[in-house]
Amino acid sequence: MNITAEHRVDDVLVERAFSLDDIDGVLWTSSTASVESPAPLILLGQPGGFALERMLPSLRARARSAAASGIAAVAIEQPGAGRRPALPGAAEVRAELREVLGAGRSPSEDLIDRLILPLVDRAVPEWRAVLDAVLQRDEIGDRVAVSGGVVSIATRLAIQDPRIVAAGLFAGSFVPRSILEEARSITIPIHMLLQWDDEGNDRQRALELFDTFGSAEKTLQANLGGHTGVPPYAGEDAAHFFARHLHPETLSPPAVDANP
């Protein structure tokens, strides 16, 4: 893991750009994180197809809120986004999806698979490699959560990596049926946010995904509004969820932005 730039954003947040093989990313820590007081970590997901640079203001805001609770955060450039090579066939699949949605039809299971699964298959091993590298830093503790982004990536990651102790999911992307089957094996605590009027999301599939999780502790928060209309209080609820599982001793954490 090569740190390529480092600066203090404000009194709370320290930002470090890094590269790991061909993956670029950003690590944020609280200014109080240290060897004596290592910070737990949130993996910040983001929407598929968007460059890390474009999402950086939103990611930085989420990281700043997490840092105010003594929680570190990391985000990476997703496969096929930014300056990374496009995934094979991705442009054609997205064009097909736009045509289907433009015609007022629902995408087929085959189309959803071709849209989502190649991204999941590439992204999850990369996230795990980045997590390996970040956890070698002395100021980062061993409690990890995943937050937002493509829900299928977060689901697969939570299944495959035992270091993840909690998942805050955003039901805002298509979910392959195979991911539903995988989700049965998840037992960690889940906090799932669903925007009821999100035109780009299959609400029924999102509800089915939530119902499928095998977790003894799982919460579904559904709010009226579209994809970007997440109410501020949803962030406060997410903050309590993350603090409860990453900082069990924290009773009243500052809000963590719930937007992916």
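Each value in this text was obtained by applying a stated rule to the coordinates, not by laboratory testing. Small disclaimer: the values here were computed from a predicted structure and weren't measured. When we count neighbours, we look across all protein chains shown, and the Cβ atoms used for this are built from the backbone with ideal geometry, even at glycine.
Report the normalised scattering of the chain as log10 I(q)/I(0) at q = 0.11 Å⁻¹, calculated by the Debye formula with identical scatterers on the alpha carbons. Normalising to I(0) and taking log10 leaves -0.56.
For the chain, adding -39500 (n - 2.57) for each run of n ≥ 4 DSSP H residues and dividing by the number of residues yields -12000 deg cm²/dmol at 222 nm.
Annotation: amide H-H contacts under 5 Å for I140 (H modelled 1.01 Å from N, sequence separation of 5 or more, or interchain): A39.
Restricting the GluC sites (Glu not before Pro) of region 170-229 to loop positions (DSSP other than H, G, I, E, B) with no more than 11 neighbouring Cβ atoms within 10 Å leaves E199. Measuring max minus min along each principal axis, the C-alpha atoms of region 7-84 give extents of 38, 24, 20 Å (largest first). The H on the amide N of D24, modeled in the peptide plane, is under 5 Å from the matching H of E77, each at least 5 residues off or on a different chain. Quote the FRET efficiency, to the nearest 0.05, computed for D10 versus R128 with a Förster distance R0 of 25 Å and r equal to the Cβ-Cβ distance. The computed FRET efficiency comes out at 0.25. Mind checking the log10 I(q)/I(0) for region 174-232 at q = 0.13, 0.28 Å⁻¹? Debye, one equal scatterer per Cα, no solvent, two decimals. Cα-only, vacuum Debye calculation for region 174-232: -0.34, -1.15.
Between R163 and R84, the simple spin-label model (points 7 angstrom out along Cα→Cβ) gives 1.8 nm. Considering only A39, A95, A123, the Gaussian network model of the chain with Cα springs below 10 Å gives its largest mean-square fluctuation to A95.
Reported to the nearest whole Å, the Cα centre-to-centre distance from region 131-185 to region 82-100 is 24. In order along region 13-25, phi translates into HN-Hα couplings of 10, 10, 10, 10, 7, 8, 10, 9, 6, 9, 9, 9, x Hz, rounded to whole numbers, per the Karplus curve 6.51 cos²θ - 1.76 cosθ + 1.60 with θ = phi - 60° and x for Gly and Pro. Can you give me the relative contact order of region 63-174 as a percent, contacts being Cα pairs under 8 Å and 6 or more apart? That works out to 19 percent.
Under a Gaussian network description of the chain, with springs only between Cα atoms under 10 Å, the residue in S30, S173, S185 that fluctuates furthest is S185.
Can you give the relative contact order of the chain as a percent, counting alpha carbon pairs under 8 Å and 6+ residues apart? Reported relative contact order: 17 percent. Normalised by the number of residues in region 4-99, what is the relative contact order in percent for Cα pairs under 8 Å and 6+ residues apart? Result for region 4-99 is 27 percent.
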